[in-house]
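Undergrad: Would you mind keeping the following structure in view while I ask a few things?
The values are calculated or read from the model by the stated rules, or taken from the named source; none is laboratory data. From a predicted model like this one, the values you see are computed outputs, not experimental measurements. So basically every Cβ, Gly included, is an ideal-geometry build from the backbone, and we count neighbours across all protein chains shown. Calculation scope for accessible area: heavy atoms of the full protein, side chains included, ligands and nucleic acids excluded. Shrake-Rupley method; radii C 1.70, N 1.55, O 1.52, S 1.80 Å.
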Amino acid sequence: SHSNPLNWERKEEEEVKAPPEFQAPPTVIMFPRQQEIRSKGLRRQKRDWVIPPVNVPENSRGPFPQMLVSIRSDQDRNISIRYSITGVGADQPPNEVFSIDPVAGKMFVTKPLDRERRSSYHLRAHAVNMNGERVESPIDLYIYVIDMNDNRPEFKNQVYNGSVDEGSKPGTFVMHLAAFDHDDNTTANGMVRYRILSQTPHSPIPNMFTINSETGDIVTVAAGLDREKVSQYSIIVQATDMEGNLNFGLSNTATAIISVTDINDNPPELTSRTVPENRINVAVANLTVIDRDQPRSPNWNAVYRIISGDPIGHFTIITDPHTNDGMVTVVKPVDFEQNRAFMLTVVVNNQAPLASGIQSSLQSTSGVTISVVDINEPPFFPTNPKSIRFEEGVPAGTSLTTFSASDPDRFMQQSIRYSKLADPAEWLSINTTNGQIVTTATLDRESIYVKNNIYEATFLAVDNGSPMASGTGTLQIYLIDVNDNAPSLLPRESQICERINRNAGINITAADSDTDPNVGPFVFELPTFPASIRRNWTVSRLNGDYARLSLRIQYLKPGVYEVPVIVSDSGNPPLSNRSVIKVKVCPCDENGDCTLVGAVAAAGLGTGAIIRREKERQTKQLLIDPEDDVRDNILKYDEEGGGEEDQDYDLSQLQQPDSLEHIISKPLGVRRVDERPIIPESQYPIRPAVPHPGDIGDFINEGLRAADNDPTAPPYDSLLVFDYEGSGSTAGSVSSLNSSSTGDQDYDYLNDWGPRFKKLADMYGGGEDD
């Protein structure tokens, strides 16, 4: 029978005092025993206890089916029992979310649950005998889906519009933004907080506005709003769940466009003009007025009056509704020889009265000398810069917009032609006559030419006046990100202890060229092939952007392992990438740090990386008799120095270094000065099998020349050519041999080399008679 370690069979008089949400789910749920209680002739049954709910986290990765609890009847000791469950999620839609083994009574969940679709399930468990007869009363099972932070906040709109009067005081309400999170708003998963990421432009200060982090209300925080200087602000607002925790929460952004509305805080000011004679019934001059209030509003519209200087009414002044200029029109012929100048006194007012406390400018009334000077003014782009939004990846040949200019010379019939001035990525073309912009290549948000998601191109508009005049306009294309870049694993290299009980694991993350919402949270997985990867390693999730790679087994042999990890982003659809991290597995000390020897071993180097013992050379013919062979007492190493008199090199190079980091991390081909270079060794002369007095000198000289020119030889001397050396030798230094010597050899000096060269001295010394 099944054990019941949590002892869910309670006595009748016991009560379940802990609320269900604080109870662990039972391993085994028993059908409750029932007692018959008689009361005034009636019979009723009383249950032993209340079965606590089963909590199941949403988005489980399985494997499925995943066991939740076991249900059993204590009557299964005597008879065969068949178990079943009913209710929504079992035999009612959505069907087969939960299943039960009819014999063992084990209940399973068959697929991942989504709390945002359904947060709880109510099932009933049944027990019948083999004849289908009920042997237990059904019990109620409540399954609660536990929320995970799998939904980022969403703004209803990507762009919100608001307005505020210029000159508004700090604390003035501007507008409201709101984002909704589908996660449980009673937990941090669904609690959204707001903050302002940026303000454009930064005038007069970068923080003209603030936002209530909980309500999303935007208010002014500083004085100085002036429509004549900045007429519109663009605010980027970020909404983050997890109560605004930027490390664990998910975020989204929206743009708030705040228009600064005009008040009449600038009186109009006149500029003077002149007019030639003999022009009638035409507008011969414009009186230009400067008014920084809102264009084409009563606060800006000018009304001109000539109050003196034109007694017989040669002129009238008509206000142009588009430019606010006063068009001086000659209604009676003017004779220059009779009237060389007309000193007109003109007064200008607005349609609306000035705001309270604003004084009329002295320049509202002026004596004006009228003369017309026709200047060809350059074309201008009414909206400059012009901003448009497109998804990246739109193909070549896509029409984006029409970017056309206007010619301020309204009284001259001129045409405008367009051309490109700056198109860094060569993505665009413009129709020379109508200004239509068409793509010539695919737009890529991740291009180096895109800054802060915006690609800028500049165009030129030229009229055909005399002389020609030109104007420039900037087109800003805001590229909306699509998920077209797979994430890559970081870091690419790390190290870990060989034993799991000393191992804290390696924190891994990912880099993605895309932006929200096409980046994190990331999913890190180990591939199923080869099987050794999941057998030796495991990956656990830390948060949306980080996971931990650690050993699954108790011990892994030191060395460098290439561990593949599959990283997926949160795009729709998501993109995945199989990356490799090189993990150095090494022995560690009690602090969990790689030991010095462990670092060398993990890098694939033996202790010979510090002092390398020479491999045994092949047996060679000796220059002395076998009975005098002393090789058994000689230890041979690659790094050998000269004799006792040859000490002009740095012996510190033979000492064990304080750190092996420079060995492990150095690039290929860079070695210590006391290491043999990895290149083919020079060819030394082969010693004849039987020494002959006539060639021993040539042999020694050839060996010296080869050693002098050998790039693989240690920088100490040519001693490695010879076989017989040892510490504490009484012989002189071999450095006394001159590799460039020529002529006959005198071997008498061999007597001074000690007992080991005595036989050579006897064989080859002795003067001419030998």
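Undergrad: How large are Rg and Dmax for region 111-184 when only the alpha carbon atoms are used, in Å?
TA: Reported Rg and Dmax, both Å: 25.8, 87.
Undergrad: Amide H of Asn483 versus every other amide H placed in the peptide plane: which residues, excluding those fewer than 5 positions away on the same chain, fall under 5 Å?
TA: Counting only residues 5 or more places away or on other chains, the set is Asn572.
Undergrad: Another question, if that's okay. Given H placed 1.01 Å from N in the peptide plane, which residues other than close sequence neighbours of Arg389 have an amide H under 5 Å from its amide H?
TA: Tyr478
Undergrad: Can you give the relative contact order of region 373-453 as a percent, counting alpha carbon pairs under 8 Å and 6+ residues apart?
TA: On the way: 109 pairs, mean separation 27.5, N = 81.
Relative contact order, region 373-453: 34 percent.
Undergrad: From the phi of every residue in region 53-61, what ³J(HN,Hα) in whole Hz does the Karplus formula 6.51 cos²θ - 1.76 cosθ + 1.60 yield, where θ is phi - 60° and glycine or proline is x?
TA: Using θ = phi - 60°, the values come out as x, 9, 9, 10, x, 6, 6, 4, 8 Hz.
Undergrad: Whole number please: convex hull volume per residue, Cα atoms of region 54-146, in Å³.
TA: Details: hull volume 7.6 nm³, N = 93.
Convex hull of Cα atoms, per residue: 82 Å³.
Undergrad: What net charge do the residues around Ala104 carry, taking every other residue with its C-beta under 12 Å from that of Ala104, with Lys and Arg at +1 and Asp and Glu at -1? Mind showing how you got there, number by number?
TA: Details: positive: Arg72, Arg82, Lys106; negative: Asp76, Asp101.
Local charge sum for Ala104: +1.
Undergrad: Output wanted: per-residue J couplings in Hz (rounded whole) for region 183-194, from phi through Karplus 6.51 cos²θ - 1.76 cosθ + 1.60, θ = phi - 60°, x for Gly and Pro.
TA: Values, residue by residue: 6, 5, 7, 8, 10, 4, 4, x, 8, 9, 10, 10 Hz.
Undergrad: Using a 1.4 Å probe over the heavy atoms of the protein chains, calculate the carbon and sulfur portion of the accessible area of region 454-591 as a whole percent. Could you put the intermediate results ahead of the total?
TA: Values: 3200 of 6740 Å².
Within region 454-591, the accessible surface is 47 percent carbon and sulfur.
Undergrad: Just the accessible area per residue of region 420-507, please: how many Å² with a 1.4 Å probe? Could the numbers behind the result be given before it?
TA: On the way: 4350 Å² over 88 residues.
Solvent-accessible surface per residue comes out at 49 Å².
Undergrad: Sum up the charges of everything whose Cβ sits under 9 Å from the Cβ of Val565, counting Lys and Arg as +1 and Asp and Glu as -1, but leave Val565 out.
TA: Values: positive: Arg578; negative: Glu525.
Here the charged neighbours net out to 0.
Undergrad: Antiparallel DSSP bridges in region 332-485: what percent, to the nearest 5?
TA: Numbers: 28 of 34 bridges.
Rounded to the nearest five, the antiparallel share is 80 percent.
Undergrad: Within the set Lys229/Lys451; Lys156/Lys451; Lys420/Lys451; Lys156/Lys229; Lys386/Lys451; Lys169/Lys229, which residue pairs have Cα atoms separated by over 28 Å?
TA: Too far apart for the 28 Å limit: Lys156/Lys229.
Undergrad: Now for a different question. Taking only C-alpha pairs under 8 Å that are 6+ residues apart, what is the relative contact order of region 488-586 in percent? Present the calculation step by step, with values, prior to reporting the outcome.
TA: Details: 223 pairs, mean separation 37.1, N = 99.
Worked out over region 488-586, it gives 37 percent.
Undergrad: Rounded, prolate or oblate: which fits region 386-480, taking a ≥ b ≥ c as square roots of the Cα gyration tensor eigenvalues, rounded meaning a/c under 1.5, else prolate when a/b beats b/c? Don't skip to the answer; put the middle values down first.
TA: On the way: a/c = 2.65, a/b = 2.37, b/c = 1.12.
Prolate is the answer for region 386-480, as a/c is 1.5 or above and a/b outweighs b/c.
Undergrad: All other residues with a Cβ under 13 Å from the Cβ of Phe173 taken together, and with Lys, Arg as +1 and Asp, Glu as -1, what is their net charge?
TA: Here the count lands on -1.
Undergrad: If you roll a 1.4 angstrom probe over the protein chains with everything in place, what fraction of the accessible area of region 154-261 belongs to carbon and sulfur, to the nearest %?
TA: Numbers: 2610 of 5320 Å².
With neighbouring chains kept in place, the figure for region 154-261 is 49 percent.
Undergrad: I need the phi-derived Karplus couplings for region 584-592: 6.51 cos²θ - 1.76 cosθ + 1.60, θ = phi - 60°, integer Hz, Gly and Pro marked x.
TA: 8, 8, 9, x, 10, 8, 5, 8, x
Undergrad: Considering every pair of different Cα atoms, what Kirkwood radius, in Å, is found for region 488-586?
TA: Details: mean 1/r = 0.0729 Å⁻¹.
Result for region 488-586, one decimal place: 13.7 Å.
Undergrad: Let me ask something else about it. Skipping prolines and chain starts, which residues have an amide H placed within reach, meaning under 5 Å, of the one on Trp537, given they are 5 or more residues away or on another chain?
TA: Placed amide hydrogens put Arg552 under 5 Å from Trp537.
Undergrad: Would you mind calculating the relative contact order of region 54-146 from Cα pairs under 8 angstrom and at least 6 residues apart, reporting the percent as a whole number?
TA: Details: 191 pairs, mean separation 33.1, N = 93.
Worked out over region 54-146, it gives 36 percent.
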